[in-house]
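Undergrad: One structure is given below, represented as structure tokens, and several questions about it will come after.
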């Protein structure tokens, strides 16, 4: 795991590795390719020879939680130029999901998601919301 941590934390742009996950009973081998943007890595010693590692890909639009505050923070990032108001977030989340631009990632015990919309997609949602009076500027 220390080697995997070093490889994922480096600026090396390529790598493929396998984990033997036989103990999980779900699959024997799982091939992984390094994310091109790299990773934020966290590690903590669990005991003398055991560590916990967390590797989070620096993928644009990756949300570790799809709660309202996390989506708001991502929509206010430099990726988007569309002016939005905080009270619009729940409407925007609903429309982004309808348009398959905000998807929940598969897995157990988390609420992670991926926001793939660009500024043009967000512009269209806001324009339609204002035009049909679903969004208001007060």
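The values are calculated or read from the model by the stated rules, or taken from the named source; none is laboratory data. Not measured: the values here are computed from a predicted model. With ideal geometry, Cβ positions are generated from the backbone for all residues, glycine too; neighbour counts draw on all protein chains shown.
Undergrad: Is the range 63-81 home to any residue that is touching a strand residue (DSSP E or B) at 6+ places or on another chain (Cβ under 6 Å), part of a strand (DSSP E or B), more than 30 Å from residue 133 (Cα to Cα) and modelled with pLDDT of 80 or more? Show your work before the answer.
TA: The first filter runs over the range 63-81 and keeps only residues touching a strand residue (DSSP E or B) at 6+ places or on another chain (Cβ under 6 Å), leaving 63, 65-66, 70, 74.
Right, trim to part of a strand (DSSP E or B) and you get 63, 65.
Remaining after also requiring more than 30 Å from residue 133 (Cα to Cα): none.
No: the range 63-81 contains no residue that is touching a strand residue (DSSP E or B) at 6+ places or on another chain (Cβ under 6 Å), part of a strand (DSSP E or B), more than 30 Å from residue 133 (Cα to Cα) and modelled with pLDDT of 80 or more.
Undergrad: Right, another one. What's the number of the only condition in (1) more than 25 Å from residue 127 (Cα to Cα); (2) without any contact (Cβ under 8 Å) to a residue 40 or more places away in the chain; (3) in contact with a strand residue (DSSP E or B) (Cβ under 9 Å, 6 or more places away or on another chain); (4) not in a strand (DSSP E or B) that residue 46 fails to meet?
TA: Single failed check for residue 46: (4).
Undergrad: Right, here's the next one. Out of contact with any helix residue (DSSP H, G or I) (no Cβ under 6 Å at 6 or more places or on another chain) and outside the structural domain of residue 8 (by TED's automatic domain parsing): which single residue out of 109, 38 fits that description?
TA: Working: 38 fails: outside the structural domain of residue 8 (by TED's automatic domain parsing).
From the options 109, 38, the qualifying one is 109.
Undergrad: Quick check on the range 62-96: of everything there that is within 21 Å of residue 40 (Cβ to Cβ) and touching a helix residue (DSSP H, G or I) at 6+ places or on another chain (Cβ under 6 Å), which residue is surrounded by the fewest Cβ atoms within 10 Å (Cβ to Cβ)?
TA: Initially, the range 62-96 is screened for residues within 21 Å of residue 40 (Cβ to Cβ), giving 62-67, 69-79.
After this cut, where a residue has to be touching a helix residue (DSSP H, G or I) at 6+ places or on another chain (Cβ under 6 Å) as well, the list is 63, 71-72.
On the way: 63: 19, 71: 20, 72: 16.
For the range 62-96, the residue satisfying everything is 72.
Undergrad: Can I ask one more? Residue by residue through the range 104-127, note down the ones that are in a helix (DSSP H, G or I) and surrounded by 12 or more Cβ atoms within 10 Å (Cβ to Cβ).
TA: Here is the first cut: in the range 104-127, the ones in a helix (DSSP H, G or I) are 119-127.
Scanning the range 104-127 gives 121, 122, 123, 124, 125, 126, 127.
Undergrad: To continue, here is another question. Give the residues of the range 128-137 that are buried (at least 17 other Cβ atoms within 10 Å of the Cβ) and part of a loop (DSSP other than H, G, I, E, B), sorted by residue number.
TA: Step one: of the range 128-137, the residues buried (at least 17 other Cβ atoms within 10 Å of the Cβ) are 129, 135.
Hit for the range 128-137 is 135, nothing else.
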